[in-house]
Structure formats: structure tokens, C-alpha cells
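Enquirer: Sharing a structure below in C-alpha cells format, with a few things to ask.
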Amino acid sequence: MESPLIKKSWNKSINTLDIVYPNLYYGGVYCLAPIIIYNTVNNLQSWLCNRSFLDKQTITSNLVGFTFQYELDYYNIPKIKTPTNSILFAGGPCINQNPETLSKYFDFFLLGESETLLPKILQHYPSKDFLDKIAEYKGIYVPGKNKPTKAPLINLDKIPYPLYQPFPEKISKNFVFGKVFILETERGCPFNCKFCPIHSFYEKVRYRSLKNIKNIIDQGIKINQRDKVVIYSPSFTHPDKKDILQYLIEKNLNFSVPSLKAEIVDQELLSLIKKGNQKTLTLAPECNESLRPSIGKPIKDDIFFQLINYANELKFESVKLYFMVNIPNQTQNDLDEMINFIEKCNQRFKNKLYVSINSFVPKPNTEFSAHTFNKKEIEKQLNYIKNKLKIKFKTSPLRIAEIEYKLAHAKNLDLTK
């Protein structure tokens, strides 16, 4: 049993929609996209929306939407049982990057933000020419009927916030953040990392106003009865970020923030984060200092060293650092500089330093989209680091990264092969 739920009275005139997160429930509850659609659709008088997951399938609707946050979830499509002759659609970051990949499996695709677009298209359901009518909207791609276009960006302060965020009554350790209220402060990112696809579907960064955010916090905590807030943002660059955190502290709420952009972080911000009971500081240097400008992150090592000093002073329990190999024009000298930087960070930080080094996976519609995925060369780079770096690091299986690369760039994917 979940709570809180939006309760609606059933009648014969109500249409139903199921929104599917095509992976496991304990991870999917933290995905904001199904929560947004759940709230948006259930706020329509003649519609009822249910959420469904790979391991919690209750799909009975003839209109079924999927959200794809990760390319590897494509392989779960055949495992999702939908009613015969149902209309299927999909959206999410992966779809926005390459809407052609799954054209064999879905009737239409939602490219852009669903809050204003979805109610418009639902008013045409279940007419016989439903797909023809919705093909006229920007942001709706119907294979064979129109070409992909993007929906206009919306003003975040002019749309209702998804206040109802259901969780099960009892949760296990698999629910890594616990029972939380998800607070989206902004969409998009003002930085221009050449490997990041965010700009391909959010052309500019937009922030919710501080007044609106405070109101969302008040209502969300009251409705959901949670004592922790997870801030949902690509980089948490909100101009009022300190005021937001201070408000959460005044409300006696714990919170966690995403990976931080080192160049906009100071000791005061880290102090507020620590007061929110966050124990780990997460940063993404990506590579060595001399290579960073070429990927759109011209940040000096000294900035990271200063943040580690602050982390020591504030007694953070751990620091996580994320790096990549397979970066365009990355040389052995770059790897040596990166290894040296990591070891200096480890020497400087007094507590536990976690290091993750993974392959860069080129994504469509980015400046590095044409960069190749050379598995042998990547293995060579990782083995070189492993032999020279004096501390342990985590890395994801290269086989998985290679599949992700192929799926991201695929056209008319056939999941039976």
C-alpha cells in the first residue's frame, strides 16, 4: 500500500492512463517523471492515472506511457505486459536525445515537458483519428506522420508542482534515500559541458522562484509527511540555493543535494549542506586540469583542493570524485596528471575518499556525439590507471557501457536480435 494517493471517484466517463517506469520499483519511486505525469493526469477531471514498474505491473489501460531515463531499460520493454491493441507512447531523456531508436515499439513520442503538452493531447483521446490530431502539436512525434519537433519550454512557476509522491508504507534498504520529498528547483544547466546532453532538450536553464519553492516545501511536507527532501537538479545552480537550504534547516528537515559544480561552491554553502545532515560531498572533476577546458569544464585543481579543505573543517564523512576515460584527445600524460590529482586529493582529505572512473559514453546531440567507443583502447586506459593509482577505485563493466553507446545511437532498434 502506498501513500499519499490522489483519490478519485470512478465513473464510466473516466479514461485511464498507465505510466511505466521500466525498471525496479525501489529505484523508480525516486524518478520524478512518473510522479509528474501521475499528478498532471489525475488533476484532469475525466482522467485517472496509475504508476507501474517492471516488478509491480498493474497495467490495464489502453493508453500506456513509458519514461526512459537509461538506455539499458530498452531491454525491459518486452517484459512489460500491456493490453492488446493499446496505444503506447514514450518520453524521457533517452527519447529526447534519439526519438528514432524505438519507433518499432511505440505509436508516438513526447519530446519535451509533459505538464502542458500531455493535457492537450489527452483531450483528443479516444477519437479514431487520435494520432493524426496529436501529430499537429509541437513536441509530439508520430512516426510516419510527422517529423520530430520540440515542445515550447514552460515557465516553472506557472505549472502545478507534483505534490503527491507515493511511497510504500514499509521500505527496505534498497530504497537508498529512504522516504523523501523530491524538490525540483530548476531545469537545465547554465554550464556547457561538451559531453552532456542536457542542452539538447533544455535549451536554457529555468529556475522556480524562491517564493514558489518555499510554498512547495510547505505543502509537500504536509501532504507526504516526510522529514527529508531530495533536491532534484542537474547542478543546483539556483541563485537562491543558500536561502532554499536555510529554509529547509529552519523547517528541521534533512536534505541531500546533487553533485555540485565546484566553481560555484563556497564554505558557507557546504556548511548549510552539512547542517542538512548530508554526510557525503560529491564532485565531478572528470579528468586532469589541462584537459578540462577541452570538455567545457575549465576548473583548476586548486578549487577542488579548497573544497576538500572545507570538507575537512566541516567534518564530512566522505567525498566522492567522478572521472572519465575515453575523452577525446586524452593522452597517457593526461592520465598521469589525473592519477597525481587523485592521490593529492586522497592525501588532503582526512576521511574516506571514494573514486569512480568510468568510460565516457558519447551521446547524440552533443558536441562529442561523433566520438567513437573503442573498447580495447578504453580497457588499455583503465588498466594503466589500475596499475599506477595507489588507491582503489570503482568502475562499471565496459560491456555495459558499450551496449549503452550502441543503444543511444541506434535507429529502429530491434530487441529480438
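Enquirer: What does the highest-first list of 1-9, 92-100 look like by mean Cβ count within 10 Å?
Expert: Working: 1-9: 11.2, 92-100: 21.6.
Order by mean packing, descending: 92-100, 1-9.
Enquirer: Using a Förster radius of 41 Å, what is the FRET efficiency between Lys104 and Lys222 based on their Cβ-Cβ separation? Nearest 0.05, please.
Expert: Result of the calculation: an efficiency of 0.35.
Enquirer: Considering only protein heavy atoms and a 1.4 Å probe, what is the carbon-and-sulfur percentage of the accessible area of the chain?
Expert: Ligands and nucleic acids excluded, carbon and sulfur reach 48 percent.
Enquirer: Angle between the Cα long axis of helix 375-388 and the longest principal axis of the chain, 0 to 90 degrees, nearest 10?
Expert: Orientation of helix 375-388: about 40 degrees from the principal axis.
Enquirer: Which label belongs to the value computed from this structure, given these candidates for Cα Rg over 2.2 N^0.38 Å: [x] 1.26; [y] 1.14; [z] 1.02?
Expert: Given [x] 1.26; [y] 1.14; [z] 1.02, the calculated one carries the label [z].
Enquirer: Name the most mobile residue of Ile35, Ile249, Ile182, meaning the one with the largest mean-square fluctuation, in a Gaussian network model of the chain with Cα contacts below 10 Å.
Expert: Sorting by GNM fluctuation, first place goes to Ile249.
Enquirer: Here's a follow-up. Rounded to the nearest 500, what is the 222 nm mean residue ellipticity of the chain from helices alone, with -39500 (n - 2.57) per DSSP H run of 4+ residues and division by all residues? Let's see the in-between values first.
Expert: Working: 13 runs with 128 residues, N = 417.
Theoretical 222 nm ellipticity from helices: -9000 deg cm²/dmol.
Enquirer: Averaging sequence separations of C-alpha pairs under 8 Å and six or more residues apart, then dividing by the length of region 1-123, give the relative contact order as a whole percent.
Expert: Values: 191 pairs, mean separation 30.7, N = 123.
With pairs under 8 Å counted, the relative contact order is 25 percent.
Enquirer: Sticking with this structure for a sec: Running a GNM on the chain with Cα contacts under 10 Å, which residue among Ser114, Ser356, Ser256 ends up with the highest mean-square fluctuation?
Expert: The residue with the greatest mean-square fluctuation here is Ser356.
Enquirer: GNM on the chain, C-alpha springs below 10 Å: top fluctuator among Asn277, Asn15, Asn383?
Expert: Result: Asn383 has the largest fluctuation of those listed.
Enquirer: Let me ask something else. Roughly what angle does helix 32-42 make with the longest principal axis of the chain, taking Cα atoms, 0 to 90 degrees, to the nearest 10?
Expert: Taking Cα atoms only, the helix is inclined about 20 degrees.
Enquirer: Right, here's the next one. Unpartnered cysteines of the chain (Cβ-Cβ under 4.7 Å counts as a partner)?
Expert: Lone cysteines by the Cβ rule: Cys31, Cys49, Cys94, Cys189, Cys287, Cys345.
Enquirer: Give me the accessible area per residue for the chain, probe 1.4 Å, as a whole number in Å².
Expert: With all protein chains present, the chain gives 48 Å² per residue.
Enquirer: Quick one: if you stick a label point 7 Å off each Cα along the C-beta vector at Asn309 and Ile249, how many nm between them?
Expert: About 2.2 nm, to one decimal.
Enquirer: If you count the DSSP beta bridges with both ends in the chain, what percent of them are antiparallel, to the nearest 5?
Expert: Of those bridges, close to 15 percent are antiparallel.
Enquirer: Continuing with the same structure: Could you check how many percent of all C-alpha pairs in region 22-135 are farther apart than 18 Å?
Expert: In whole percent, the share of Cα-Cα pairs in region 22-135 beyond 18 Å is 49.
Enquirer: Something else about it: Find how much the distance from Thr16 to Lys138 grows on full extension, using 0.36 nm per residue of separation minus their present alpha carbon separation; answer in nm with one decimal.
Expert: Value of the extension gain: 41.6 nm.
The values are calculated or read from the model by the stated rules, or taken from the named source; none is laboratory data. Bear in mind the structure is a predicted one, so any value in this text is a computation, not a measurement. Quick reminder, even Gly has a Cβ in these numbers, built from the backbone with ideal geometry, and neighbours come from all protein chains shown. Side chains are part of the model used for accessible areas, which takes the heavy atoms of the whole protein and leaves out ligands, DNA and RNA. Shrake-Rupley method; radii C 1.70, N 1.55, O 1.52, S 1.80 Å.
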